[in-house]
Amino acid sequence: MRVIIVENAAQVANAAAEHIAQVVRSCAAADRAAVLGVATGSSPIGTYNALAEIARAEQLDLSEVRAFALDEYVGLDREHPESYHAVIHRTVTEPLGLNPAHVHVPDGLAADLYEACQSYETAITNAGGVDLQLLGIGANGHIGFNEPTSSLASRTRPKTLAPQTRVDNARFFDSLDQVPVHCVTQGIGTILDARKALLVAQGESKAEAVAAMIEGPLSSMCPASALQLHPDATVIIDREAAAMLTLRDYYEHIELHQPHGSK
Ligand code: GLP
């Protein structure tokens with residue numbers, strides 16, 4: 001896992017956006033559209049905005065990019081402002097100028113959620129797999145909505161949200177009882193299938209989860225620790241999110257002395 005520690009949230013956004021832009025450029029050079037895995041939450045918002053800036057400055061065409069969101073609440077109308085359909089449209093599709101027909105979000109309204117989740121997996125496969133999966137991390141170490149003790153081999157499926165996650169996300173709703181109890185989420189196995197994984201985190205509230213993710217142990221108690229199994233995972237964090245890392249100095253040393261040929 002590559003760990004990049006920067007000064008502040010703005011630098012996290014810029015560095016992450018540059019990573020994504022590189023994937024889009026290299027896919028374009030290979031004459032194909034990039035397939036991006038996109039995340040909701042506050043953590044990646046700056047990254048999307050910085051990527052929109054890069055696209056504007058470089059005239060990087062994102063209209064052919066395919067996108068697959070990680071998760072969705074069960075039972076929220078798509079028009080509900082906090083449905084992840086609506087959030088992804090507002091924070092990703094519009095600012096980046098993606099074609100809405102190319103942006104996919106799991107279906108939390110399907111009569112048969114299990115069947116819908118299976119179709120979502122098939123859609124990702126049919127798109128050729130995800131080139132880069134962007135991730136945030138929950139304070140309890142969740143990625144997507146894979147709560148602690150999720151199977152590290154899990155695929156897209158319905159889940160029950162952890163009470164703490166509902167409390168954390170209640171800020172987006174009028175009250176806690178409006179936060180859905182269930183969700184559908186890509187599994188940890190699904191996320192690990194992406195060719196690259198890129199996780200961003202900012203602020204001291206993420207420091208404990210970040211340390212558990214990077215320095216282990218590998219455990220379903222910290223779902224993000226599964227990224228230790230990924231051959232091309234990058235974590236970009238600010239100083240506050242890095243505060244509880246034991247080997248912080250080493251990660252900074254590595255960035256100054258990259259081994260030859262490393263990514
Ligand atoms: C949400 C999302 C995750 C996100 C996480 C952290 O519940 N399902 O994909 O990474 O919680 O959110 P934030 O970035 O707002 O802290």
Quiz item: Once you charge only the Cβ atoms, +1 for Lys and Arg and -1 for Asp and Glu, what is the size of the charge dipole of the chain about its Cα centre, to the nearest 20 debye?
Solution: 420
Quiz item: Rounded, prolate or oblate: which fits segment 1-74, taking a ≥ b ≥ c as square roots of the Cα gyration tensor eigenvalues, rounded meaning a/c under 1.5, else prolate when a/b beats b/c?
Solution: oblate
Quiz prompt | Spin-label model distance (nm) - ASP232 vs GLU252, 7 Å beyond Cα toward Cβ | solution = 2.9
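So what is the relative contact order of segment 100-230, in percent, for Cα pairs below 8 Å that sit 6 or more residues apart? Don't jump to the answer; show the numbers that get you there.
Working: 219 pairs, mean separation 42.0, N = 131.
Relative contact order of segment 100-230: 32 percent.
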Quiz item: Once fully extended, how much extra length lies between ALA111 and ARG2, figured as 0.36 nm per residue of separation less the alpha-carbon to alpha-carbon distance?
Solution: 35.1 nm
Exercise. Mark the label point 7 Å from the Cα of ARG32 along Cα→Cβ and return the residues of segment 103-142 whose backbone N is within less than 13 Å of it.
Key: 125-132
Exercise. Distance between Cα centroids, segment 117-134 to segment 21-91: provide it in whole Å.
Key: 14
Quiz item: Given a 1.4 Å probe and every protein chain left where it sits, what share in percent of the accessible area of segment 92-201 is carbon and sulfur?
Solution: 53
Quiz item: Could you give the accessible area per residue of segment 78-207, probe 1.4 Å, as a whole number in Å²?
Solution: 43
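Could you calculate, for segment 2-256, the ratio of the Cα radius of gyration to the Kirkwood radius, expressed as Rg to Rh?
With Rg and the Kirkwood Rh in hand, the quotient comes to 0.94.
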Exercise. Give me the accessible area of PHE172, 1.4 Å probe, in Å² rounded to the nearest 10.
Key: 90
Quiz prompt | Over the chain: helical MRE at 222 nm, DSSP H runs n ≥ 4 each giving -39500 (n - 2.57), nearest 500 | solution = -9500 deg cm²/dmol
Quiz item: Hey, rough spin-label estimate for GLU53 and THR149, points 7 angstrom out along Cα→Cβ, what's it come to in nanometres?
Solution: 4.3
Quiz item: What's the percent breakdown of Cα-Cα distances in segment 143-223 across 5 Å bins, shortest bin first?
Solution: 3, 13, 20, 24, 21, 13, 4, 1
Quiz prompt | Sequence-separation-based contact order of segment 2-256, relative, with Cα cut under 8 Å and 6+ spacing, percent | solution = 24
Exercise. Apply the Debye scattering formula to segment 67-178, with a single equal point scatterer on each alpha-carbon and no solvent, then give log10 I(q)/I(0) at q = 0.11, 0.13, 0.18 Å⁻¹.
Key: -0.37, -0.52, -1.06
Quiz item: How big, in percent, is the set of alpha carbon pairs in segment 93-151 lying more than 14 Å apart?
Solution: 71
Quiz prompt | Beta bridge orientation in segment 2-256: antiparallel %, DSSP, nearest 5 | solution = 30
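The values are calculated or read from the model by the stated rules, or taken from the named source; none is laboratory data. Everything numeric in this text was worked out from a predicted model, so none of it was measured. Note that we place each Cβ from the backbone using ideal geometry, even for glycine, and neighbour counts take in every protein chain shown. Heavy atoms of the whole protein, side chains included, go into the accessibility calculation; ligands, DNA and RNA do not. Shrake-Rupley method; radii C 1.70, N 1.55, O 1.52, S 1.80 Å.
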